[in-house]
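We did not get these values from a lab; they are worked out from the coordinates using the rules stated. All of these numbers come straight from a predicted model, not from anything done at the bench. Backbone-built Cβ (ideal geometry, glycine too); neighbour counts: all protein chains shown.
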Amino acid sequence: MSQRPPYALIIAFVALAYLVSSSDFSLVSVALPSIQRDLALGAGTLSVIVAMNTLTYAGFLILGGRLADLYGPFRCCITGLLLFSAGATCAAFAPSVPIFAAGRALQGLGAAALSPASFALLNTALPEGPWRRRGYGVFASIQAAALIVGYLIGGTVTSVFSWRAAFLINVPPALVAVAIAVVAVPRAPLDPRRGAPDVVGAVLVTAAVTLVVWAISTAGASGWLSLTPLAALAAAAAAFGAFLWLESRLAHPLVPFSIFATPNLIGNDVAMILCMAGGASVFLLPNLYMQQVLGYSAAQSGLGMLPHALGGMLTGRFLVFALRRYSLRANILGGLAACATGLLLFYVLSVLLPRASYLGNILPALLFCAFTTLFAGMVLMAGGTSAVPREQQGVASALALTAMQMGLALGIAVVLTVTGAAQAAGASVVESLREGFLTAAGLIALSGLVILLRTRPYESTPEAAPASGAAQVSE
């Protein structure tokens, strides 16, 4: 009698690994004032250091996904965890700004290797059916738990000890995840025909993605038609054109063009960009409302966002329920509709309740959005990888995660532009934030329109047969 694979341990590994990488953003956000003060950073230098991690993460995601396909998710997960831990340790003990920046860049590289490989594990190591649905549910809940770890634990450690100690929070869990992986995560045999990694293609696509994210991030502050974002977009187009030319001539390209023939992949990733562009407002605009309208401090607004994280942790259970009963396409459309409704609820409450209050204007919509934004993002991730062959799951996961990062950068830039233009035209802060919520809801609606017009029923359904080589496990 064959031994059942340790599916529960695989899910535990993915959860812990993703918690380590995804809690970093909120943890650093809390610690930024202390970092700026201790390292005597100017505003410009601080923004560059913040961008260092984001840009290396977004830029190297596709390379990380391709390496996961070439060398197996296990090897990339271990490498990513060790790189991330080394970067965190480097930042924690950095004696100077350049070493601190290098540590943050190293953390971004580690996360770029870890994230697509860990999601690919859900689709390759778990059989379709109950176990994979359970893995998706845990993956969704961990995104909310990461906010709690970052904001609460990171903030507490920063206050009691220092920001340097806060950077070390994720190192022990990362090492525990490595130990679990050694015991439980399957090692894919190396294909002798896999070819060498396409280093030149990796450099070109990394440059293209990094320049796009940089252009979008700076456009909100400098203007969409200013020289900096336009020059960055032109350089990105040149790098991407060179990448396409090179890839079409290689036997082992970084991104196999055949992946774009996968049903729904392009439409799904475009929808992901628009969904995340709208979803970014759920983190940005309520914070602005609490601080600029209600007069909260940064710490108070952080606590005010806590119900969003706590509510989001329940998303996983609902996701398992929904995927078991409804098709993936129905879940995507339903999640997007609910997400747009949650953003509109912020708008409606600000109109119906002119006397601003946290309980009336923020909390109801925040709780609603806690479920809907995480749910919509997770089912879009599942949709973007649903019909992709096993040997291309890493690249497919990386494409979806890259779309997510571009969407977040785009959403913040667009919404800040809209609210800033409204205030420049004479609108009050509340009125400008209403414009921001309407814009965000419109982006979500566009995402749903893309799904309706550019996708068809997904080939991989919740009750499909298990993947080749994986035994079906009853719930």
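Karplus-based coupling profile of segment 63-77, in residue order and whole Hz: 4, x, x, 5, 5, 5, 6, 6, 10, x, x, 4, 5, 6, 4, with θ = phi - 60° in 6.51 cos²θ - 1.76 cosθ + 1.60 and x standing for Gly or Pro.
From the C-alpha gyration tensor of the chain, pull out the three semi-axes of the equivalent ellipsoid (sqrt of 5λ each), sorted largest to smallest, in whole Å.
For the chain, the semi-axes come out at 33, 26, 24 Å.
Judged by the mean number of other Cβ atoms found within 10 Å, the most tightly packed of the peptides 258-270, 97-109 leads the ranking 97-109, 258-270.
Taking the longest Cα principal axis of the chain as reference, the axis of helix 315-325 is set at about 50 degrees. To the nearest ten degrees, helix 7-22 and the longest principal axis of the Cα atoms of the chain are 40 degrees apart.
Please say if segment 1-186 is rounded, prolate or oblate, where rounded means a/c under 1.5 for a ≥ b ≥ c the square roots of the C-alpha gyration tensor eigenvalues, and otherwise the choice is prolate for a/b larger than b/c and oblate otherwise?
prolate
Dimensions of segment 358-459 along the principal axes, based on C-alpha atoms and rounded to the nearest Å, stand at 54, 28, 24, largest first. For segment 199-253, a Kirkwood radius taken over Cα pairs fed into Stokes-Einstein (20 °C, viscosity 1.002 mPa s) yields D = 185 µm²/s.
Set the Förster radius R0 to 60 Å, insert the Cβ-Cβ distance between Ala421 and Ala8 as r into 1/(1 + (r/R0)^6), and round the FRET efficiency to 0.05.
Working: r = 51 Å, r/R0 = 0.85.
Approximately 0.75, to the nearest 0.05.
Dipole magnitude for the chain: computed about the Cα centre from +1 point charges on Lys and Arg Cβ and -1 point charges on Asp and Glu Cβ, it is near 520 debye. Ordering Tyr57, Tyr18 by the number of other Cβ atoms within 10 Å of each residue's own Cβ, fewest first, gives Tyr18, Tyr57.
Rounded to the nearest 10 degrees, the inclination of helix 97-124 to the longest alpha-carbon principal axis of the chain is 50 degrees. Computed from backbone phi with θ = phi - 60° and the Karplus coefficients 6.51, -1.76 and 1.60, the 3J(HN,Hα) list for segment 202-210 is 4, 5, 5, 6, 5, 4, 5, 5, 4 Hz; x is used for glycine and proline. Packing here is the average count of other Cβ atoms within 10 Å per residue, and on that basis the peptides 7-16, 128-137, 356-365, highest first, run 128-137, 7-16, 356-365. Counting neighbouring beta carbons within 10 Å and listing from fewest to most, the residues Ile78, Ile62 come out as Ile78, Ile62.
In the chain, helices alone account for a calculated mean residue ellipticity at 222 nm of -25000 deg cm²/dmol, with every DSSP H run of four or more residues adding -39,500 (n - 2.57). With semi-axes defined as the square roots of five times the eigenvalues of the C-alpha gyration tensor, the equivalent ellipsoid of segment 255-462 measures 32, 18, 14 Å, largest first. Length gained on full extension, Trp224 to Arg249: 5.5 nm, using 0.36 nm per residue less the C-alpha separation.
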